[in-house]
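Right, one structure below, let's go through it.
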Number of protein chains: 2
Amino acid sequence: MCDEIIEQKIDITTSVMNKNDLFAAENRGFLKGKGIYTLNLISSPGAGKTTVLESMAHYFGSRMAVIEGDIQTRRDAERIEKAGCQAWQIETGGACHLDAHAVKHAMDQMELDSDILELLAIENVGNLICPSGYDLGENLRIGLLSVPEGDDKILKYPSLFSTINVLVINKMDLLPHLDFDVDRAIEECRSLNPDVLVFTVSAKTGEGMEEFCDFVESNYS
Amino acid sequence: MCDEIIEQKIDITTSVMNKNDLFAAENRGFLKGKGIYTLNLISSPGAGKTTVLESMAHYFGSRMAVIEGDIQTRRDAERIEKAGCQAWQIETGGACHLDAHAVKHAMDQMELDSDILELLAIENVGNLICPSGYDLGENLRIGLLSVPEGDDKILKYPSLFSTINVLVINKMDLLPHLDFDVDRAIEECRSLNPDVLVFTVSAKTGEGMEEFCDFVESNYS
């Protein structure tokens, strides 16, 4: 790409990111004020974010609310509502990630005043790259990697895996059918991010999900 | 996102896209001049683009060259070279898609003068969103969707699936272990894109790959 375009891109990116950081700080303060702990879930399309959240809905019930980010369709919000949680769908209409202003706008329209509510989970747009640059005001950033994607993905997408607090390896039920080296994936993630916590789960079968939910709850209770 | 930021984004995007279209036109002319037919493969991370290309390498041998796009690592180019084809790795260093100028720059450094060479396959960065807006100068745009990603992905990522010439559904060997409705995926793709051609394959087992390679070859021979 020619220098001129690169320069323009850097200027505009810096400006957008600074504004995002201000909205993220406001979100973090607002959520702290309400006593709500917040997660930002990031993964490829189809790694199982919504299935993980459905499983979490069975554990947390109405103590959890969910913001769903998708380019298009209300499908994921409908799944979460069926699982028993309040859900708000953001359709980005083309944007490849959520930003803090979109999350603020969603929160303005949700019912966040309940005394029971203690957890807000934000499911980002399915994308291993662009969401990693946008703080949404979350307390915990969670990266999901699913077994069928392959154990080589961590070092190929370092902008995400170097900035997460927790790595969740999902679809462990498919391990017998695939060549995926769990130890390699964890080792490569720790090479980028020594303090990352790791959970191995199958949201479909429920394997490992109670331990993961216990961990989430222990962060704020 | 506030109006001011949206306006800035539109201006800069238009400018970048116009420049990209010029480079893409130049690439298309250059490749036509050399008698090389070109594919642009786009999918999520881990949908199997590189495994499809390894399988194609066994069919086309030195008649095919490959450009690999990744944020980081030379892993994919090394796999293609082992499979017997010339490969050039573009490490985008953070950019979430390839653009036509990066492809032009790669081609300038590759050996494209061979009389045997007839096919150039470009593996885009693993991302279902951002690459779809960038013409690279290809003749055929191919979208890969893998069975573990789920049959609901087409309508969630319409910017890609409405602009592809060919849909390849990969990892068909995992169909017995997953709830994936092939007919639903094809029907939803045709609702966006009535003329799309569809192939169902398993690049890992080889199922359907000869038919797909025959099809690619028939486009230019």
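Tabulated results
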{"item": "Segment B:156-173, residues that are without any contact (Cβ under 8 Å) to a residue 60 or more places away in the chain and within 12 Å of another protein chain (Cβ to nearest Cβ)", "result": "B:156, B:157, B:158, B:159, B:161, B:162, B:173"}
{"item": "Unmet criterion (only one of (1) touching a helix residue (DSSP H, G or I) at 6+ places or on another chain (Cβ under 8 Å); (2) crowded, with 18+ Cβ neighbours inside 10 Å; (3) aliphatic (A, V, I, L, M)) for residue B:142", "result": "(1)"}
{"item": "Cβ pairs under 8 Å, 6+ apart, first in segment A:144-155 and more than 7 Å from chain B (Cβ to nearest Cβ), second part of a helix (DSSP H, G or I) and of a type in the set (Lys, Arg)", "result": "A:144/A:49; A:145/A:153; A:151/A:184"}
{"item": "Of the criteria (1) among the small types (Gly, Ala, Ser); (2) within 18 Å of residue A:154 (Cβ to Cβ); (3) touching a Phe, Trp or Tyr at 6+ places or on another chain (Cβ under 8 Å), which one residue B:44 fails", "result": "(3)"}
{"item": "Selection within segment B:164-221 - hydroxyl-bearing (Ser, Thr, Tyr) and either touching a His at 6+ places or on another chain (Cβ under 6 Å) or at pLDDT 95 or above (or both)", "result": "B:191, B:200, B:202, B:205, B:218, B:220"}
{"item": "Matching entry among B:43, B:62 (being closer than 16 Å to residue B:142 by Cβ and either in contact (Cβ under 8 Å) with a residue 40 or more places away in the chain or not acidic (Asp, Glu) (or both))", "result": "B:43"}
{"item": "Some residue of segment B:169-177 being closer than 21 Å to residue B:118 by Cβ and in contact with a Phe, Trp or Tyr (Cβ under 9 Å, 6 or more places away or on another chain)", "result": "no"}
{"item": "Residue list for segment B:199-220, filter: in contact (Cβ under 8 Å) with a residue 12 or more places away in the chain, surrounded by fewer than 14 Cβ atoms within 10 Å (Cβ to Cβ) and more than 9 Å from residue B:172 (Cβ to Cβ)", "result": "B:206, B:210, B:211, B:215, B:219, B:220"}
{"item": "Some residue of segment A:174-194 being among the basic types (Lys, Arg), within 12 Å of chain B (Cβ to nearest Cβ) and more than 16 Å from the chain's Cα centre (by Cα)", "result": "no"}
{"item": "So residue A:124, is it surrounded by 16 or more Cβ atoms within 10 Å (Cβ to Cβ) and either more than 18 Å from residue A:67 (Cβ to Cβ) or basic (Lys, Arg) (or both)", "result": "no"}
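The values are calculated or read from the model by the stated rules, or taken from the named source; none is laboratory data. Because the structure is a prediction, the values reported are computed rather than measured. Every residue, glycine among them, receives a Cβ derived from its backbone with ideal geometry; neighbour counts consider all protein chains shown.
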